Amino acid sequence: MSYQVLARKWRPRAFRELVGQEHVVTALTNALTRGRLHHAYLLTGTRGVGKTTLARILAKSLNCERGVTADPCGECGACRDIDAGRFVDLLELDAASNTGVENMREILDNARYAPTVGRYKVYLIDEVHMLSKGAFNSMLKTLEEPPEHVKFVLATTDPQKIPVTVLSRCLQFNLTPLPRAQIAQRLAHILDAEAIAHDASALPLIAAAAQGSLRDALSLLDQAIAYGGGEVRETSVRAMLGVVDRAYLHRIVDALLAGDGPALMAEADALVAAGHAASSALDELASLFHRVAVVQAVPGTLVGEDAEHVAGYAARMSREAVQLAYQICVQGRADLALAPDEATGFTMALLRLLAFEPSSEDAETGPARTTRSNVTVATNPASPATRSAPPSAVAPPSEPRLALPAVPDDWPAFVAQLRLTGMAAQLAAQSELKSVKGAAVSLAIPASQKHLADKAYADKLKSALEAATGRKLLLAFEIGDAGEGSLAAHERRKRAQAKAENEAAFRSEPFVRDLVAKLDATVRAETIEPVSRDASTTPSTRQEAP
Ligand SMILES: [Zn+2]
C-alpha cells in the first residue's frame, strides 16, 4: 500500500474533528441546525489553517443524502464523493489559475442551472483575491441575486484585495493561526494513532516551525518521520529543522547574566562549530527572551520544557533588560546579511548583549546609579548617546539594583546598603573585598572571625549579593589578617573618631576646662558618652557624608 501523506490522511472530515477555529464551527453549526444559512461565506486567514477543509465539510453538510445537517454522515455517496474530491456539485476553483473573466463567466453562468446530483451547488473559490476586476463583476451579479441552490465559499489570505461590493455580500470569518500547543497536541494524537514512536519534546519544535498552520505541521511531521527513519526524536527533529539545542541557549544567557565574556565566546564558538545557523540561534534567543518577558508580565504562564530556566531569567533580569536583549537579537538577525560572515555577525550580536547588559552597566556607574542615570535621561533625552542605548541607560525604577564595588574602598558602603540580617550580615560586615573579576568575587575575612566563613553563611551572603546585583556570582573566601577594609573595621574607625571628637568637645567645654585647670581634675575619657548615642555617632556622620 502506498504511503498516504498525513495531511491528507488526517484531514478532518467533520466539524468535530477540526482543530481550532471554534468560533467559525459554532456559527456554521448553528446556521445549519436552524436552516439559516447565508449564501456566501468569506473565510480569511493564513495558509493551512483549515479554510478549504471547512468549505468541504460545509459542502457535505449541505449535500449529505441523509439531509442538511451539521454532522454529515460521511458514508453516503455524496459525503464519500466530496471527501474523495469528485463530487460534481462541489466546484473547487483556484482563482490563482482561473483569473480570466471568460473562465469565471462560464463557471458562474453555470450557477443558474440546478445541481446535478446534490441539493446545493457549492462554489469554493480559493485565493479569491486573485480574481481580475472583470471576474469580480461577473461574480457580483450572481451574488446580488443568488439562486436558491447556490452557496459560495470564498477563501483568501488577503481580504484587503477584495472589492467592498463583494465583501458586503459575504458573511466573513477570520480563521486564526493555530496555537502551538494545539498543533503539538494534534501531532501527538496522530502519532499515537499511527503507532509511531516519538519524543513529546520533539512536537513543540515542529509546531513552532509550522507557524500556526496545521497543514505545514503535518508536512513537517511527514518529513521528520522520513528523516528519523520511522521515528520522531527530538535530536533528529532539531537537526532537521536547524533548531538550536536549548542547553546552548541557556549556557549563553547564563554567561551573559554572569557578565562572563570568555564563557560567552566559548559557547558561541561551540554553537557555530556544531553547525547551527546563526540566524536560527538568534531566533531562538529572541524567542527565549520573549518567553521571559511574557512570564514577567503574566507570572504563572510557564509552559514548555525549559519553564524552570525561563522563570529563573524572569526573576533575575529587569523587564527593560529583557526588552533590550530581545531587540538586540532581532536586530542582530537582520544584520547578519551585512556581516562579513555569519559567525562574525552572531558573535557581535552576543557581544552587544554583553555590552548592554544592565548589570555590567551597574559596575560602571556605581552605587549612585539609580539617581545618576535618571538625571542623565531626564536632562538629556535626545542626546545620541542616550538614544543609542536607552533601555540600558534607564535604570529599572521598580527594582533598584546595586552594583558590585569596583574597588575595595567602596565595599563597606556597599555592604551597608545590602540590608542583610543574621549571620550573613555578620559575615559581610567582617569581610574585606579583595577583588572582583567578572562574576568572581574574592573576599577576605580576619582569622579571628573565620568561624563566619561557614558554607551556610557564605551561601546566604552569595544569594543576597546575587539578589542585590541581579548577577550570578562566584564567592571565594580567604582567611586573612586585620581586615581593615571591612564594614566592621570601618564602623570601628568611625566610632573611635566620633569618640575622640566627643572627648575633645567635652574637654573644651568651659565648665570642664575650669574644673581641670582650677581643681586639677582629670577626665576619665572612657566614661564620656554622647547624650544620645544613636543620634550623635554613626547615623549623623552617615547623613553628613556625601
Ligand atoms: Zn452523508
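The values are calculated or read from the model by the stated rules, or taken from the named source; none is laboratory data. A quick note: this is a predicted structure, and the numbers were derived from the prediction, not measured. Reconstructed Cβ throughout: ideal geometry from the backbone, glycine too, with neighbour counts over all protein chains shown. Please note that ligands, DNA and RNA were not included when accessible areas were found on the heavy atoms of the full protein model with its side chains. Shrake-Rupley method; radii C 1.70, N 1.55, O 1.52, S 1.80 Å.
Scan around residue 198 for amide H atoms under 5 Å from its own, H built in the peptide plane at 1.01 Å from N, and keep only partners 5 or more places away or cross-chain.
Here 232 satisfy the definition.
Taking amide hydrogens as modeled 1.01 Å from N in the peptide plane, which residues meet the under 5 Å criterion relative to residue 121, leaving out close sequence neighbours?
Residues meeting the amide H criterion: 150, 151.
Over the stretch 95-252, average the accessible area per residue using a 1.4 Å probe and give it in Å², no decimals. List each step's numbers first, then the result.
On the way: 7410 Å² over 158 residues.
Value returned for the stretch 95-252: 47 Å² of accessible area per residue.
Normalising by the residue count of the stretch 209-305, find the relative contact order in percent from Cα pairs under 8 Å and 6+ residues apart.
Numbers: 50 pairs, mean separation 17.7, N = 97.
With pairs under 8 Å counted, the relative contact order is 18 percent.
Using the Cα centre of the stretch 155-293 as the reference point, and only Cβ charges (+1 on K/R, -1 on D/E), how large is the resulting charge dipole? Debye, rounded to the nearest 20. Mind showing how you got there, number by number?
Values: 10 positive and 15 negative charges, 131 e Å.
Result for the stretch 155-293 is approximately 640 debye, rounded to the nearest 20.
Sequence-distant or interchain residues sharing an amide H contact under 5 Å with residue 172, placed H: which?
Answer set, sorted by chain and number: 42.
Hey, can you rank 439-446, 267-274 by average C-beta count inside 10 Å, highest first? Walk me through the numbers on the way to the answer.
Details: 439-446: 20.5, 267-274: 16.1.
Per-residue Cβ counts within 10 Å, averaged per peptide and sorted highest first, yield 439-446, 267-274.
Can you spot the lysines whose alpha carbon is less than 20 Å from residue 462's alpha carbon? Ignore those fewer than 8 places along the same chain.
Cross-link targets: 434, 437, 450, 472.
What whole-number distance in Å separates the alpha-carbon centres of the stretch 243-295 and the stretch 116-130?
The distance from the Cα centre of the stretch 243-295 to that of the stretch 116-130 comes to 50 Å.
Can you send over the solvent-accessible area of residue 157, 1.4 Å probe, protein chains only, in Å² to the nearest 10?
60
Select from the stretch 21-105 those GluC sites (Glu not before Pro) which occupy a DSSP coil region and have at most 13 other Cβ atoms within 10 Å, ordered by residue number.
Details: sites: 22, 65, 75, 92, 102; in loops: 65, 75.
The qualifying sites are 75.
Sort 159-166, 321-328 by the packing proxy (mean of other Cβ within 10 Å over each peptide's residues), most packed first.
Values: 159-166: 14.0, 321-328: 22.1.
Per-residue mean Cβ counts within 10 Å order the peptides as 321-328, 159-166.
Rounded to a whole number, what % of the accessible area of the stretch 136-179 do carbon and sulfur atoms account for, probe 1.4 Å?
On the way: 1150 of 2230 Å².
That share works out to 52 percent.
For a quick check of your reading of the filter: which trypsin sites (Lys or Arg not before Pro) in the stretch 403-461 sit in a DSSP loop and have no more than 16 other Cβ atoms within 10 Å? Each step should come with its number before you reach the end.
On the way: sites: 419, 434, 437, 450, 455, 460; in loops: 419.
Filter output for the stretch 403-461: 419.
Could you tell me the distance between the Cα centroids of the stretch 191-221 and the stretch 437-475, to the nearest Å?
What the calculation gives is 47 Å, centre to centre.
Hey, what do the phi angles of the stretch 149-160 turn into as Karplus ³J(HN,Hα) couplings, whole Hz, using 6.51/-1.76/1.60 and θ = phi - 60°, x for Gly and Pro?
Running phi through 6.51 cos²θ - 1.76 cosθ + 1.60 with θ = phi - 60° gives 8, 10, 10, 10, 10, 9, 10, 8, 8, 9, x, 4 Hz.
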